[in-house]
Amino acid sequence: MMSCAVEGGCPSDYVAVSISILSIILLLAKAVAPYLIYKIPRPKGSSFWLVAIQVLASFNLLLSIVMALNFLKFKGRHWWNSCYIWSVWFEGPLGFGLLLSCRIVQGFQLYNIFVKRRLPPIRSYIFLPLVLLPWIAGSIFIHMKKPLNNRCHMGAQWIIPITCLHALYIAVLVGLTGAVQHVEFRFHELKDLWRGILVSACCIGIWVVAYILNEVHEEISWVQIVSRFLLLVTTSILVLAFFSISLSQPLISLMSLRKKDHPECETMGHALGIPDSGLLLQGEPTQFADPNEPLDKLLLNRKFRQSFMAFADGCLAGESVHFYDEVQQLEKVPDNDHVRRIYMVRHIIDKYIAPGATMEVNISHRCRQEILSTLDLAHPDLFKNAVNELMQLMKMNLVNDYWLSAFFMKLKEDANMRTVNHELEEFGGWNFSHRLSSVHCADDPFHQEHSPRKPDSNSCDSDLQ
């Protein structure tokens, strides 16, 4: 017992290591599954790299505990199992500190977008190092003072400031969560967030107690074995709980939302319950797309917009039409429904406006900066100037070629067919087809075929009326 308590390799140590390995496997599976199973394209920007950094920080945290507390029995001491590498740097700035810092950055984004209704004033790649700075400063200070003994334990005077640093970051995360608790999120993110924080808080409470016992009662073998077992197991649960917190859920891509949580939704508008814009009523004839009509009026017709969008996609210039279509979806949301408008606006910005977006539209730098620096993401005229610029671009580059394309010819044929069918339906219920027409009324229950004749039955007339 005494030997494995000091040198490592106790049976409980191997059980704890196995649990930590399993947690890392589950963590990686949860992170990779959307891209392998649901075929979600890799998002750009902080939506991807913040998640990737969290996975790395979780691995560093677990590995640092295993190496620093002698879970595995190594023969001799080497430079790579130095206490200052694992207990100070990998556990602090590269582990727990980095993990909490990523969550704080995501909370900061959430607070700015849904409470302040603006994009974060500081970019994530700048804000994250600033949040992590106290951990880096603390690690440098400890490395200079060198308070660790050969078993990677500190004196009692160091325990309180280290514990306070951990608690400070947890308090900041809880504070950011409390600041957005009044927001009625569309996909129940806040409920999942509080549940994750509750689980994490319980794990951190046990973790702190085990950490203090492991540091203070260095001479008691069974305390060392039990405390380090609890440290690794609770940390394994903690990293899974943190990763499951849907703090960044409102900021994820449309494809992730659609295929993972709402597979029946084809667009962000459908996922948000926004009715389609420009829908034709059932039985209404499709109006012919007159080339003399203004483009903005023609695009209000959904059939024309779909045909024009297919033509633009074939010309590798469909971004403008897709952008217009999603802005039309946004206009269906009431101005006082700020949450749904922000969801939709954030999606449009990420997909069409942000530099390097997957379908970045060709608008002026001034117009782009007006959108990215807006103080109200829910403003009803946020994309007005962008739509006007793209409308002029489509008139110059796409419209004239569209009138000569096969897409317009097909739309014209469909419009003629729908018009003829609609007129026939209004003509007393007669169906003039290549076969002998059939009378559709209650007096013909067996749907027998008849020769075309003049309707002289009062019952048929009354039924049709």
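Coordinate-derived values only; no laboratory data. Not measured: the values here are computed from a predicted model. As a convention, Cβ positions derive from the backbone with ideal geometry for all residues, glycine included, and neighbour counts pool all protein chains shown.
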**Q.** In sequence order, calculated HN-Hα J values of the range 140-147 (Karplus, 6.51, -1.76, 1.60; Hz; x Gly/Pro)
**A.** 5, 5, 5, 5, 6, 7, 6, x
Q: Rank by packing, highest mean first: peptides 303-310, 9-16, with packing defined as the count of other Cβ atoms within 10 Å averaged across residues.
A: 303-310, 9-16
(Q) Modelling each spin label as a point 7 Å along the Cα-to-Cβ direction, I'd like the Leu393/His270 distance in nm, to one decimal. (A) 2.7
Q) If we count every other residue with Cβ under 15 angstrom of Gln54's Cβ, Lys/Arg +1 and Asp/Glu -1, where does the sum land? A) +2
Q) Which links in Lys297/Lys412; Lys303/Lys395; Lys30/Lys116; Lys332/Lys384; Lys351/Lys410 stretch past 24 Å when you go from one Cα to the other? A) Lys30/Lys116; Lys351/Lys410
Q) Any idea how far apart Phe48 and Ser12 come out in nm if each label point goes 7 Å out from Cα toward Cβ? A) 4.4
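If each residue of separation counts as 0.36 nm, what is the full-extension length gain between Ala179 and Met144 once their alpha-carbon separation is subtracted?
Numbers: separation 35, 0.36 × 35 = 12.60 nm, distance 3.82 nm.
Once the chain is fully extended between Ala179 and Met144, it gains 8.8 nm.
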(Q) Based only on other Cβ atoms within 10 Å, what is the fewest-to-most ordering of Met154, Met344? (A) Met154, Met344
(Q) Below 11 angstrom from the Cβ of Asn362, what's the summed charge of the other residues (Lys, Arg +1; Asp, Glu -1)? (A) -2
Q: Subtracting the Cα-Cα distance from 0.36 nm times the residue separation, let me have the gained length for Val209 to Asn81 in nm, one decimal.
A: 43.6 nm
Q: For Cys164 paired with Glu293, estimate the spin-label separation in nm (one decimal), with each label point 7 Å from Cα along the Cα-to-Cβ line.
A: 7.1
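Work out how much length Asn385 to Ala137 would gain on full extension: take 0.36 nm times their residue separation and subtract the Cα-Cα distance, in nm to one decimal.
84.6 nm
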Q) What ³J(HN,Hα) values, in whole Hz, does the Karplus curve 6.51 cos²θ - 1.76 cosθ + 1.60 give for the range 346-353 when θ = phi - 60°, with x put for Gly and Pro? A) 4, 5, 5, 5, 5, 8, 10, 9
Q. Can you pull out the chymotrypsin sites (Phe, Trp or Tyr not before Pro) in the range 70-151 that DSSP calls coil and that have at most 14 other Cβ atoms within 10 Å?
A. Phe74
